[in-house]
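The values are calculated or read from the model by the stated rules, or taken from the named source; none is laboratory data. This one's a predicted model, so the numbers in the text were calculated from it and none came from an experiment. Positions of Cβ are generated from backbone atoms using ideal geometry, with glycine treated the same way; all protein chains shown enter the neighbour counts. Heavy atoms of the whole protein, side chains included, go into the accessibility calculation; ligands, DNA and RNA do not. Shrake-Rupley method; radii C 1.70, N 1.55, O 1.52, S 1.80 Å.
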Amino acid sequence: MKHASIPNVPTQLFLGGEWRDASDGGAFDVDNPATGEIIATVASATIEDGKAALDAAEQAFAGWAALKPRERGEVLRKAFELIIAQKEELARLVTMENGKALPDSRAEIAYAAEFFRWSAEEAVRAVGEFYRGPSTGARILVGHKPAGIAVLVTPWNYPAAMATRKIGPALAAGCPVILKPASATPLTMLALMPIMEQAGVPKGVISVLPSRHTGRLVDSLLHDPRVRVVSFTGSTEVGRTLLRSAADCVLNPAMELGGNAPLVVFEDADLDQAVDGAILAKMRNLGEACTAANRFYVHEKVYDAFAEKLAAKMGAMRVGNGLEEGVEVGSLVNAETRDKVVELVEDAVSRGAKVLTGGQAVEGTGFFYPPTVMVDVPEDARCFHEEIFGPVAALTRFSGEEEVVKRCNDTEYGLVAYVFTKDLKRGLAVSERLDFGMIGLNRGLVSDPAAPFGGMKQSGIGREGAHHGIMEFLETQYISVEW
């Protein structure tokens, strides 16, 4: 039974510009993690629905790609404005299906909208080159053309932003898209589709296919020769599976995968700045982010002071239903996520770690876990090697620069790292030695539509945002001319 507080949110498939039930009539429930209430029953797409979405995208491709770049950009700009006009309703919807607190949801909607504004401007910047081959003397004209139909697979932790970060550049490039949102959080993207229609996106250019049969549906899409790009945000494990499927048809893969972010506090850091940055890096989105600080390396000279300040601030954060004003820490998305946090904390404590604040799941309805600070966490604790994906800061000491760089890099992941020091020269030098795609130097936030988001090693392939983002959806072509 749908909750009365979310009227007018679509629950069918958005396929080829129309709202349809699944071809087999299948559906699944979506609940509010904070209350356990079922808030909607959503159509569950089949392989046949995926084929129908591909047919619609194929029909729409030529017309969308033929539009002037400015025309595509204006559609995205209009979408940005419409999202901002409805940001509060969208934020509340994000909180209801994801569990995060309203401040996080409001920030996400603003962030999500910004990808459309940025992509609107990037649509007109996919410029080419003209030069003469130094040996052949031929004139070389280099241009870019839309790659083709793109399949987008997005996670539950940012149900709005992880989708717009892909939809924006794909549409700017001239590519139609088929989006598979996470089963836990399909409503936000469905709610966005009337906005996209109002902004002027033609039928077939976007399809949204929620489904409980994610593996079969996506694998079928990736083995259709009409698909040319797959863009995925999620775990490294699933990313490897999609890469194997993408290889069969030699698709262009854009993969934003898992992280194990270190946060380093040197002895000369401004501790108040470091604590504030650490809370942002750890507690943004309740810690349910691949960019969340996972391992805290604090110099032994400031370790105790930093730990005390961090515990005091994190321990004072209010936990509760994310829809209530004043709540800073909402519910984790589901029991599996909450139970993994419990396991990782218990594992660290069993190995000698001490809990300064938090450390116990909140009893009752919902999947709540309080902000937690652990000190003296040993290097072999699971939380130093697995993504916590929750509000837990695990601290350990270090004594020298060489040591901490080595410990930071000792992971298969390479998404983001954070460094706090007043010495800019040292900060930049250390940053260059860290094997991570993004570095937060004296700040706890790296996400920015104007910056190339992405990682090294097992944390992904390609970049999203900046000018790099649109290039994932463009093919480079050159024409050799002689006259």
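Descriptive notes on the structure:
- Separation between Cα centres of the range 289-362 and the range 83-122, rounded to whole Å: 25
- Ranked packing of 94-104, 79-89, most packed first, by mean Cβ within 10 Å: 94-104, 79-89
- What the Cα convex hull of the range 234-308 gives, in volume per residue, is 106 Å³.
- Residue-wise HN-Hα coupling along the range 242-256, computed from phi with Karplus coefficients 6.51, -1.76, 1.60 (Hz; x: Gly, Pro): 5, 5, 5, 5, 4, 5, 4, 10, 6, 7, 7, x, 10, 10, 10
- Stretch gain in nm, segment A66-D29, where the contour uses 0.36 nm per residue and the Cα spacing is subtracted: 9.4 nm
- With eigenvalues of the C-alpha gyration tensor scaled by 5 and rooted, the range 368-483, Å: 35, 18, 14
- The largest accessible area among D423, D224 belongs to the first residue in D423, D224, and the rest follow in falling order (1.4 Å probe, all chains).
- Pairs of C-alpha atoms in the range 1-85 farther apart than 23 Å represent 47 percent of all such pairs.
- Amide hydrogen neighbours beyond the local backbone of L179, cut-off 5 Å, H modeled: L152, S207, V208, L209
- Kirkwood-Stokes translational diffusion coefficient of the range 198-247, alpha-carbon pairs, 10 °C, 1.306 mPa s, µm²/s: 126
- For the range 123-201, a Kirkwood hydrodynamic radius built from all Cα pairs, placed in the Stokes-Einstein relation at 4 °C and 1.567 mPa s, yields a translational diffusion coefficient of 87 µm²/s.
- Near the amide H of R295, within less than 5 Å, lie the amide hydrogens of A261, L263, all on another chain or at least 5 residues away, with H placed in the peptide plane.
- Ratio Rg/Rh [Cα only; Rh per Kirkwood] for the range 140-243: 0.97
- Among G427, S350, M438 - extreme Cα towards positive end, dipole of the range 331-454, charges at beta-carbon: G427
- Backbone phi angles across the range 72-81, fed through the Karplus curve with coefficients 6.51, -1.76 and 1.60 (θ = phi - 60°), yield HN-Hα couplings of 5, x, 5, 5, 5, 4, 5, 4, 4, 5 Hz in residue order; Gly and Pro are listed as x.
- Relative intensity, log₁₀ I(q)/I(0), of the range 60-133 from a Debye sum that treats every alpha carbon as a point, q = 0.15, 0.22 Å⁻¹: -0.63, -0.91
- Toward the positive end of the charge dipole of the chain, with +1 on the Cβ of Lys and Arg and -1 on the Cβ of Asp and Glu, the farthest Cα among P210, T136, A269 is that of T136.
- In sequence order, the range 128-143 has phi-based couplings of x, 9, 9, 7, 10, x, x, 9, 7, x, 5, 7, 10, 10, 10, x Hz under the Karplus curve 6.51 cos²θ - 1.76 cosθ + 1.60, θ = phi - 60°, and Gly or Pro positions carry x.
- The DSSP beta bridges internal to the chain are antiparallel in roughly 45% of cases.
- For the range 428-479, radius of gyration divided by Kirkwood radius, i.e. Rg to Rh on alpha-carbons: 1.07
- Shape of the range 333-429, Cα gyration tensor, a/c cut at 1.5: prolate
- Student exercise, the range 91-241 dipole from Lys, Arg, Asp, Glu Cβ charges, in Debye to nearest 20: 300
- Range of Cα positions in the chain per principal axis (Å), largest first: 69, 68, 39
- Rough spin-label spacing in nm, given labels placed 7 Å along Cα→Cβ, for K457 and V349: 3.0
- As a fraction of the 1.4 Å probe accessible area of the chain, surface on carbon and sulfur atoms comes out at 51 percent.
- Calculated accessible area for the chain comes out at 40 Å² per residue, all protein chains present (probe 1.4 Å; ligands, DNA, RNA ignored).
- At 0.692 mPa s and 37 °C, Stokes diffusion of the range 314-358 via Kirkwood alpha-carbon radius, µm² per second: 270
- Reciprocal of mean inverse Cα separation for the range 218-348 (Kirkwood radius, Å): 17.8
- Residues S135 and T476, FRET efficiency given R0 of 22 Å [Cβ-Cβ distance, rounded to 0.05]: 0.60
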